[in-house]
Amino acid sequence: MKKFFVLSPFVVALLASSAVADDTLVKFRGGIGVLPVAAGVGQAATADVVTRNIVRGVQPAGQIWVIADLQADVKVGGRIQVDGKGLLLGGGDQIGFNGNASVFATLICDAVAPFDEHSNGAGVALEPNGDFRIDDVLVPPPPADCASPVLLIRVVAPPNSPWFAVGIPKLD
């Protein structure tokens, strides 16, 4: 009987930890800022024709943006938490500034069109240093299986709301 009482706290702890199982759908660690043009064809230093850097149907921002760091967790059911650092203009006359932008997140799980977008409802303003935090719910909720995850950080600019940065999926 003594063994039962000695082991019971461990059994309870084991059962409790499995009951609070991690419900993470996908994680992102690190980010990549947008380069609006993917390719160009033309003479010398100018391009007559450019290919825009469209990601899963979403247009890029019109200017280069950089991001120092991005950490994001998406839970089954759609809860999303994103911590972004240093999302700033990487070109143009306002280089190094936040462009007075507000951003939101979009998760796309489809590898081929049609692409279903799952976005948080409201945008958050970038801090002067480009930092931001999103703590919200994606609508509609993402599927239970997100085999090809892309997380876009987009500017609040309806109707198109181009992307500024993308999260790097942590696949482990």
_Take the conditions touching a residue at least 40 places away in the same chain (Cβ under 8 Å), buried (at least 20 other Cβ atoms within 10 Å of the Cβ) and farther than 15 Å from W163 by Cβ and apply them to V34. Does it pass?_
no
_Test: residue in region 93-101 that is part of a strand (DSSP E or B) and either among the β-branched types (V, I, T) or closer than 15 Å to G31 by Cβ (or both)_ = no
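Quick one: which of D172, D145, D135, D131 is over 23 Å from V37 (Cα atoms) and without any contact (Cβ under 8 Å) to a residue 12 or more places away in the chain?
After applying the criteria, what remains is D172.
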_Name the single residue that is surrounded by the fewest Cβ atoms within 10 Å (Cβ to Cβ) among those in region 118-140 being assigned to a strand (DSSP E or B) and among the acidic types (D, E)._
D135
*Scan region 90-112 for residues that are of a type in the set (S, T, N, Q) and surrounded by 12 or more Cβ atoms within 10 Å (Cβ to Cβ) and jot them down.*
Q94, N98, S102, T106
*Of the conditions (1) in contact with a His (Cβ under 9 Å, 6 or more places away or on another chain); (2) over 21 Å from P149 (Cα atoms), G78 clears all except one; give me its number.*
(2)
*List, please: which pairs have Cβ atoms under 7 Å, are six or more places apart or on different chains, and start with a residue in region 85-96 that is at negative phi and end with one that is part of a loop (DSSP other than H, G, I, E, B) and among the acidic types (D, E)?*
K85/D131
*asked:* Can you confirm whether F115 is of a type in the set (F, W, Y), touching a strand residue (DSSP E or B) at 6+ places or on another chain (Cβ under 7 Å) and surrounded by fewer than 21 Cβ atoms within 10 Å (Cβ to Cβ)?
replied: yes
_Out of the residues in region 37-89 meeting the condition of being assigned to a loop (DSSP other than H, G, I, E, B) and touching a Gly at 6+ places or on another chain (Cβ under 6 Å), tell me which one is modelled with the lowest pLDDT._
A47
_Within region 97-113, tally of residues that are in contact (Cβ under 8 Å) with a residue 40 or more places away in the chain and farther than 18 Å from V34 by Cα_ = 3
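The values are calculated or read from the model by the stated rules, or taken from the named source; none is laboratory data. Bear in mind the structure is a predicted one, so any value in this text is a computation, not a measurement. All Cβ positions, even for glycine, are placed from backbone atoms using ideal geometry, and neighbour counts span all protein chains on display.
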